[in-house]
Amino acid sequence: MYTVLLVIIFAVSDGWNSDGKFVSAYVADAGLSALRVAPTPQSVCKRRLGIGRKVYVAQCFDTAYGRYCKVLLTRRTRGYMLARALVFRRRGEDERLLKMALRATGKDKLALLWLSKRLFSRSPLAGRINALFEEEAERLAEELNKKVRKNIKPLGDNEDVYILNSRLLDRYSRMGIFFRLDAAGQLRYAAKLERIESQRKRDGEVDFGISEATSEACLE
């Protein structure tokens, strides 16, 4: 027993699984992601992990309460989690994760699509995943437009700077989701806005950075 524990500790501390002994997995279902002391729902929950959190799986086994995995987070933090809460980078998991994303709503949906993009960029489903991710990011931008303006307290003249540096955007930047302001001063998903601008240039259109409302006022 003591020998096994020492092997686990040294393997984890040595560059986090440098010998590949443990299989990496990612949290996909926050509703089942309780890290427990024992493989049973009646066990103490150490913590609940968010979507996208990487863990290392030492083993998986069936119990009366479903299939559980023994997972490691750090050298000292480990526990048991339902296998259904995790997604692995292997065949068939891209489809399973996409189905989960389609059933989800709001921030969970965006997080699951982000995880799909990260894990399965070469999947046959990558095109659909990217399109759905972009759609959700644009929907998020619409929601953030009102929230950000309501929460900022500019100390200077340039309100745009405060909008783009709002704390409400911080969590998304850590996911690689960035926003820009369009000609009308509205937040947009940066990657899509840049693609639209590039397409306009290829089509011979020129965007002078003037909103429609401003241009109409100039004509009066």
Inter-site label distance for Val44 and Glu194 at 7 Å from Cα along Cβ, in nm: 4.8 nm
Integer Hz, Karplus 6.51/-1.76/1.60 couplings in order for the range 32-42, x for Gly and Pro: 10, 8, 6, 8, 10, 5, 9, x, 7, x, 8
Here FRET efficiency (C-beta to C-beta, Arg67 to Arg118, R₀ 25 Å, nearest 0.05) is 0.55
Multiplying the sequence separation of Arg89 and Asp182 by 0.36 nm and subtracting their Cα-Cα distance, what value in nm do you get? 29.8 nm
Pulled fully out, how much extra length does the chain show between Arg171 and Glu135, if you take 0.36 nm times their separation in residues and subtract their Cα-Cα distance? 11.1 nm
Any residue on another chain or 5+ positions along whose placed amide H is under 5 Å from the amide H of Arg53 is listed here as Val27
Treating the beta-carbon of each Lys and Arg as +1 and of each Asp and Glu as -1, no other charges, what is the dipole magnitude of the range 93-203 about its Cα centre, to the nearest 20 debye? 240 debye
Counting other Cβ atoms within 10 Å, keep those with at most 13, restrict to DSSP loop, and tell me which trypsin sites (Lys or Arg not before Pro) in the range 156-194 are left. Arg174
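FYI, it's all coordinate maths here, none of it is from the lab. In this text, all values refer to a predicted model and were calculated from it rather than measured experimentally. We place every Cβ from the backbone using ideal geometry, glycine too, and count neighbours over all the protein chains shown.
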